[in-house]
Amino acid sequence: SNATLHLLINPVVTGEETITICEAALPYSWNNQSITLGGDYTTALVSTVGCDSTATVHLIVNPAVTGEETITICEGQLPYSWNNQSITAGGNYTATLVSAAGCDSIATLHLIVNPVVTGEETITICEGQLPYSWNNQSITAGGNYTATLVSVAGCDSIATLHLIVNPVVTGEET
């Protein structure tokens, strides 16, 4: 009698996939592994017919994008608009945006606000010295006067003059 053997050999099943995630999605769970970095990972599994199977994942991790900038403005430019925020004072501000890869992007603003510079002076003159010239103004009487100038930082500067005019004193002797 002849016996015939029909031998079926099930091949090893292999599979691989490439997955791209954002850094914020770490750790990434894959086939009972907790993956904390991008790279290639392989695991041995059992196929549906009971044979060994190998799965590989190529994990690409897009990092969070960060950027910062320092901006200097004058107090008169407040509130300052930045990334949908209305900023009313100097300081450090952050905004969470979305990068081109679809991941979180953290932007930081260091806002420096140069204040309005103010100064005042009191000057006393004699009536005969009128008109008095001050910051392109020709002043003809005593009083309080202001001028808007530009500070060294390029911002508004408010100068105030308190002008006192002493009258001419006349007298007669008899």
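The values are calculated or read from the model by the stated rules, or taken from the named source; none is laboratory data. In this text, all values refer to a predicted model and were calculated from it rather than measured experimentally. Cβ placement follows ideal geometry from the backbone for every residue including glycine, while neighbour counts extend to all protein chains displayed.
Contact annotation: residue pairs with Cβ atoms under 7 Å, 6 or more positions apart or on different chains, pairing a residue in region 55-81 that is without any contact (Cβ under 8 Å) to a residue 24 or more places away in the chain with a partner that is loosely packed, with under 14 Cβ neighbours inside 10 Å and not in a strand (DSSP E or B), are 79/88. Of 7, 45, all but one fail to be assigned to a loop (DSSP other than H, G, I, E, B), modelled with pLDDT under 95 and over 30 Å from residue 152 (Cβ atoms); the exception is 7. Name the residues in region 117-174 that are in contact (Cβ under 8 Å) with a residue 12 or more places away in the chain and at positive phi, would you? Within region 117-174, 135, 143, 154 qualify.
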